[in-house]
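*Asks:* Here's a structure for you.
The values are calculated or read from the model by the stated rules, or taken from the named source; none is laboratory data. Please read these numbers as outputs of a predicted model, since none were measured by experiment. When we count neighbours, we look across all protein chains shown, and the Cβ atoms used for this are built from the backbone with ideal geometry, even at glycine. Side chains included, ligands, DNA and RNA excluded: accessible areas come from the protein's heavy atoms. Shrake-Rupley method; radii C 1.70, N 1.55, O 1.52, S 1.80 Å.
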Amino acid sequence: MRRSKRFAFPILVCFLVMVLLVTACSTNGGSSDQAGEGITTVTMWHGLTSIDLDNMNKVVKAFEEKNPTIKMNLVYTESNEGSDQKLLTAVAGGNPPDVALFDRFKVGTWAAQGSLTDLSSMAAESGIRKEMYYPFAWEESSYQGKLYAMPMDTDSRLLFYNKDHFKEVGLDPNKPPQTIAELEAAADKLTIKEGKRFKRIGFIPWYSQGWLYTWGWAFGGEFQDTATGKITANDPKVVEALQWMTDFGKKYNVEDIAGFTSAAGTEEMDPFISGQVSMKISGNFTVKGIEKFKPDLNYGVAPIPTPTGTNFTTWSGGGSAIIPKGAKNVAAAWKFLEFLGKEEGQTLLNADSQISVIDSVNDKYGYKDDPIMKEFINILPNSHNRPVIPEGQLLWNELASATEKATRGNGTPKENLDRVTETVNKALEKYDK
Amino acid sequence: MVKLADPVQVKAIPSASKRALHRTNAIGWLFASPWAIGLLCFYAIPMLMSIYFSFTTYSILQPGEFIGMNNYKELFHDPLFWKSIYNTIYFTVFFVPLSIFFGVALAMMLNMKVKGMAVFRTIFFLPTLVPQVALAVLWMWLLHPNFGLVNGMLANIGIDGPAWLGGESWSKPSLILMSLWGIGQAVVIYLAGLGDIPEEYYEAAQIDGANWFQKTRKVTLPLLTPVIFYNLVMGMIGAFQQFTLPYTLTKGQGTPANSMTFYVMYLYENGFRYFKMGYASAMAWILFIIVMALTGIIFITSKRWVHYQGK
């Protein structure tokens, strides 16, 4: 028994220290809510840097002038995977920020987990309406008919082509390919292969933003049945798209192409910028990179070719702002989201940097006078958003893996896409209960 | 082995000094308590909780329900689980022996009495100071199939270099190559081990007319086995937890064709991107059991090949 007594004291000490620690932590958590009399501090987590941060600071300044009782406290949380985990643990621990900037792609997943505040009724009261935004932006911010996020900015994907290369091989630099057949013919002309090595490659369907989403929609396929909510990755049109990608890869030998598409993909090493790829699918977000690394690159952008040369389309993602479940100052946080989502906030937020989710704001920026940017804006009314489902990330990864397997000859496109459909729909079953 | 104090002796101490001993013990505990509490709060409790979570559909954001062995059953039918095990074992089987071979060889070279040895030692240790993420980016450039330095050099001697990280067949060997860059840490430990070998043994061997090769085989290597044993166990545990390099190289995608999806990467993906923390917990425990079992096996076989100087 003497033994147990010997341990009693240290254990007691440990226990006391632990109690101290726990209480210290919990009082700390609540202290940031109120600052001074009648002023509410809204904490916002973000991963913004450089111009985007400058713009956000302008939004905050304008907002605080209009709402003297609210003070914004911007906290930088790194913009990669780490920020996700931080937010995740903060929400799980019941001590989240009032506002967090959030990839719209994740809205479905987080909303299904019950971790986002439903903004529908507040939006209705404030006059935030679906019609104000591009359809896909609203769609992607909503889950099962309820609004969970305020869309902030967006992007779109187009065919980039090197005009000098076009001239060099006798193609008209002002007539980019419109149909898939024209694209193939152009790619064929532009490619220069010496033995196993490409000196230049005309086009690689899956390079950069050439995801299966890109081609599936270009071929007229749908990834989700809107009536049932079921995933339809094996839609015949999507299969057709993947089949085309696979055939394309076979023609040029996938392993030989790997050099261009290997893991290394930083902007400075972009083979389109260095002139080793003549055409690629990419988004407006790479335009700035070209300006920076090769401002004299003579290139154009055009809608992504389709089998018929009509019904051009693209898809868009982008950022949003959310109020996590358990946030302490929901009303004040909403005030800020409202400001951010309306025209004034949007104008300040995306100036000289991003594409706004409000069409008229993009008019103001003069994007429609810019030969490159106007194409990205013009396609937006026909843009898609990825299915808003609790398993969005799983679907994304499965589609990427199916594309890779099929193009490398590991199973047919149909087999691979059947498996994607089955896997994702099975994973979705547990949310139907 | 250090002989521990006989516990009977404690009883023999008179009661006044016994109280003093208790007091010093208590103070000791007090000083150790931040560590002890940290261990308890951030290791022991989460570990025990993850056992429970591995039987549930816990998603971090929601508590989840108890589903018995379902997570484990599902894992055995998950092709990517098996693929990630295969990749991880492949990496371990090649990386660990290679790292021991090159580590020992390097340490022996760096142990020679040559002028300016400190400089060489520093050079070989430097790469371990580079953060893994920076190392990954650096190697991405070096191994780039078209503009990379490695293929450029191979081309000079007429060899058509592979796609390295771009192809399934070369992606894992490339990773092993990169990882070997960081063996400086182990080399330092081997160097310490080499320094521990008494000079007399070599002198005795010299008198017996042993050449360099015989001295290495009969003196150096056997006496280095405790250090090799340590590095083997640590290297194996580390290899099974491979994460940062492949994650950075493939942006978390495990490309090409999942040939770079390592066990812990897939675990992370399940836990933090698919919100399947229960599933991820089950994976963590399977990994724990595998690593424990392998460590156990190494420990058992070590009796045959590890020589301690005292014995």
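*Asks:* For segment B:143-156, state whether one or more residues are under 26 Å from the mean Cα position of the chain (by Cα), open to solvent by 80 Å² or more (accessible area, probe 1.4 Å) and either within 14 Å of another protein chain (Cβ to nearest Cβ) or not acidic (D, E) (or both).
*Replies:* Filtering segment B:143-156 down to residues under 26 Å from the mean Cα position of the chain (by Cα) leaves B:143.
Narrowing further to those that are open to solvent by 80 Å² or more (accessible area, probe 1.4 Å): none.
No: zero hits.
*Asks:* Hey, among B:T250, B:T244, B:T255, which residue is at pLDDT below 95, facing another protein chain (nearest Cβ under 10 Å) and open to solvent by 20 Å² or more (accessible area, probe 1.4 Å)?
*Replies:* Values: B:T250 fails: open to solvent by 20 Å² or more (accessible area, probe 1.4 Å); B:T244 fails: facing another protein chain (nearest Cβ under 10 Å).
That would be B:T255, the only listed residue that is at pLDDT below 95, facing another protein chain (nearest Cβ under 10 Å) and open to solvent by 20 Å² or more (accessible area, probe 1.4 Å).
*Asks:* How do the helices (runs of 4 or more DSSP H) wholly within segment B:11-100 filter down when requiring 1 or more residues that are farther than 15 Å from B:M283 by Cα and among the polar types (S, T, N, Q): which remain? Before the answer, list the steps.
*Replies:* Details: elements: B:15-39, B:45-53, B:70-76.
The helices (runs of 4 or more DSSP H) meeting that bar are B:15-39.
*Asks:* Next up: Output the residues belonging to segment B:275-311 that are open to solvent by 20 Å² or more (accessible area, probe 1.4 Å) and not in a helix (DSSP H, G or I).
*Replies:* Answer for segment B:275-311, where residues must be open to solvent by 20 Å² or more (accessible area, probe 1.4 Å) and not in a helix (DSSP H, G or I): B:K276, B:H307, B:Y308, B:Q309, B:G310, B:K311.
*Asks:* Here's something else I'd like to know. For B:G209, are the conditions met, namely being within 30 Å of B:I289 (Cβ to Cβ), open to solvent by 30 Å² or more (accessible area, probe 1.4 Å) and either more than 14 Å from every other protein chain (Cβ to nearest Cβ) or acidic (D, E) (or both)? Lay out the reasoning, then the answer.
*Replies:* Values: within 30 Å of B:I289 (Cβ to Cβ): no; open to solvent by 30 Å² or more (accessible area, probe 1.4 Å): yes; either more than 14 Å from every other protein chain (Cβ to nearest Cβ) or acidic (D, E) (or both): yes.
The answer is no for B:G209.
For (1) within 14 Å of another protein chain (Cβ to nearest Cβ); (2) over 25 Å from A:R157 (Cβ atoms); (3) touching a residue at least 40 places away in the same chain (Cβ under 8 Å), each residue gets a yes or a no:
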position	(1), (2), (3)
A:K325	yes, yes, yes
A:K328	no, yes, yes
A:A332	no, yes, yes
A:G345	no, yes, yes
A:D352	no, no, yes
A:Y365	no, no, no
A:P371	no, no, yes
A:V388	no, no, yes
A:E391	yes, no, yes
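*Asks:* May I ask you to verify whether A:D256 is within 27 Å of B:K251 (Cβ to Cβ) and either in a helix (DSSP H, G or I) or small (G, A, S) (or both)?
*Replies:* yes
*Asks:* Within segment B:226-240, which residues are touching a Gly at 6+ places or on another chain (Cβ under 9 Å) and either under 22 Å from B:Y202 (Cβ atoms) or surrounded by 18 or more Cβ atoms within 10 Å (Cβ to Cβ) (or both)? Let's see the steps before the verdict.
*Replies:* The first filter runs over segment B:226-240 and keeps only residues touching a Gly at 6+ places or on another chain (Cβ under 9 Å), leaving B:226-228, B:230-231, B:235.
Of everything in segment B:226-240, those that are touching a Gly at 6+ places or on another chain (Cβ under 9 Å) and either under 22 Å from B:Y202 (Cβ atoms) or surrounded by 18 or more Cβ atoms within 10 Å (Cβ to Cβ) (or both) turn out to be B:P226, B:V227, B:I228, B:N231, B:G235.
*Asks:* Can you pull out the residues in segment B:36-71 that are within 10 Å of chain A (Cβ to nearest Cβ), open to solvent by 70 Å² or more (accessible area, probe 1.4 Å) and either farther than 28 Å from A:L428 by Cβ or among the hydroxyl-bearing types (S, T, Y) (or both)?
*Replies:* The answer is B:L40, and nothing else.
*Asks:* Run B:F275 past the list (1) over 27 Å from B:L165 (Cβ atoms); (2) free of Cβ contacts under 8 Å to residues at least 24 places away in the same chain; (3) within 14 Å of chain A (Cβ to nearest Cβ) and report the number of the one that doesn't hold.
*Replies:* Failing condition for B:F275: (2).
*Asks:* Name the helices (runs of 4 or more DSSP H) wholly inside segment A:350-433 in which the number of residues that are surrounded by 15 or more Cβ atoms within 10 Å (Cβ to Cβ) and of a type in the set (A, V, I, L, M) is 2 or more.
*Replies:* Where helices (runs of 4 or more DSSP H) fall fully within segment A:350-433 and carry at least 2 residues being surrounded by 15 or more Cβ atoms within 10 Å (Cβ to Cβ) and of a type in the set (A, V, I, L, M), they are A:373-378, A:392-407, A:413-429.
*Asks:* Suppose the filter is within 29 Å of the chain's Cα centre (by Cα) and not basic (K, R); does B:A204 pass it?
*Replies:* Numbers: within 29 Å of the chain's Cα centre (by Cα): no; not basic (K, R): yes.
No, not satisfied.
*Asks:* OK, next. Out of A:V60, A:V75, which single residue is surrounded by fewer than 20 Cβ atoms within 10 Å (Cβ to Cβ), more than 14 Å from chain B (Cβ to nearest Cβ) and among the hydrophobic types (A, V, I, L, M, F, W, C)?
*Replies:* A:V75
*Asks:* Return the residues of segment B:186-200 that are buried (at least 16 other Cβ atoms within 10 Å of the Cβ) and of a type outside the set (A, V, I, L, M, F, W, C); say none if nothing qualifies.
*Replies:* Selection gives B:Y190, B:G193.
*Asks:* Here's something else I'd like to know. From (1) touching a Pro at 6+ places or on another chain (Cβ under 8 Å); (2) open to solvent by less than 20 Å² (accessible area, probe 1.4 Å); (3) modelled with pLDDT of 95 or more, pick out the condition that doesn't hold for A:W138.
*Replies:* Here A:W138 clears every test but (2).
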